[in-house]
Amino acid sequence: MNALLATFSRELRAFFFSPLAYVVLFFFLAVNGAVFALIVSYLNNPLAEAGRPFDIFFGGSFLFWIVLIFATPVLTMRLLAEERKSGSIEVLMTAPVTEGQVVAGKYLASFVFYLFLWLPTVSYAVIVDRASDLDWGTIASGYLGIALIGGLFLALGVFGSSLSRNQIVAAIISFAVSVLVLMVAFLPGLVNSQNLKEILSYVSVVEHMDEFARGIVDTRRLVFYGSVTAFLLWVASRTLEDNKWR
């Protein structure tokens, strides 16, 4: 546990001292701020369909997903790739720390920084709440969905980073796999089998986010994200163990 905490704190400090992390933060908040302003402006139009701004903000626009699948590979691309390229991973592995602790510590640091990115957007809810009654339970459910789905994409990014010594290659792998995961949402309309439709719906992150945005917290989703994220991190640790001396 001490080794995991040491890896976590070391990596978290690296995030907060990295200029790239603040570039990501700037663009993340700029895009999300612009998206939320557009949503409010659209809903204020008398000709627009009635709706709640956070139903759209939480996964209801393609910009939400674009930001997500670009931000998570950037946050995770260097986590293991840089260590392998610089050779510091060999030094790290001689310390009393396991591959699983290294992967878990780095993943948790990226997850905390990811949550930090979203933290300022809570102010949007505070502003809306001053103008109308806001269901904070639904808002909490939406942020839970953001945390779970973001955690899954970050785990994909850690796995991608374990496959290459090059950060750009790691980011491209993570981005490509994230796009494939996202595209699953469009497949149910292309198949005829009802069973296959249900399977695709079960793993569709877009449908999951829609449920969370409407305040629906299904324990099956919690199990899905917990198990898939843990599996990806386990595969990343096995990949790291296999490649560390190459």
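With respect to the chain, whose longest principal axis is taken over its alpha-carbon atoms, helix 122-131 is tilted by about 10°.
Counting only alpha carbon atoms, the long axis of helix 2-16 and the longest principal axis of the chain meet at about 60°.
Taking Cα atoms only, the orientation of helix 167-183 departs from the longest principal axis of the chain by about 40 degrees. Taken per residue, the accessible surface of the chain reaches 50 Å², heavy atoms only and a 1.4 Å probe.
Entry note, the chain: the mean residue ellipticity at 222 nm calculated from DSSP H runs of n ≥ 4, each adding -39500 (n - 2.57), is -26500 deg cm²/dmol after division by the residues and rounding to the nearest 500. Normalised by the number of residues in the chain, the average gap of Cα pairs under 8 Å and 6 or more apart makes the relative contact order 28 percent. Size check on region 8-57: the Cα extents along the three principal axes, sorted descending, read 51, 18, 8 Å.
Arg220 contributes an accessible area of around 130 Å² to the protein surface, as traced by a 1.4 Å probe with all chains present. Measuring between their Cα centroids, region 122-176 and region 50-82 lie 6 Å from each other.
The heavy atoms of Trp234 present about 140 square angstrom of accessible area, all protein chains included, probe 1.4 Å. Solvent-accessible area of Ile127, all protein chains in place: 110 Å² (probe radius 1.4 Å, heavy atoms, ligands and nucleic acids excluded).
For the residues Ser9, Ser161, a 1.4 Å probe over the protein chains yields an accessible-area ranking, largest first, of Ser9, Ser161. Note on the chain: Cα convex hull, mean projected area over all directions, 15.0 nm².
Shown are Leu47, Leu144, Leu180, whose ranking by accessible area with a 1.4 Å probe and every protein chain present, most to least, is Leu47, Leu180, Leu144. So what does log10 I(q)/I(0) come out to for region 192-231 at q = 0.17, 0.20, 0.28 Å⁻¹, using the Debye formula with one equal point on every Cα and no solvent? Log-scaled intensity ratios, in q order: -0.49, -0.65, -0.99. Of the GluC sites (Glu not before Pro) found in region 13-122, those that fall in a DSSP loop while having at most 10 other beta-carbon atoms within 10 Å are Glu49.
The values are calculated or read from the model by the stated rules, or taken from the named source; none is laboratory data. Not measured: the values here are computed from a predicted model. A quick note on method: Cβ atoms are made from the backbone with ideal geometry, for glycine too, and the neighbour counts reach across all protein chains shown. Note: areas computed on protein heavy atoms with side chains; ligands, DNA, RNA excluded. Shrake-Rupley method; radii C 1.70, N 1.55, O 1.52, S 1.80 Å.
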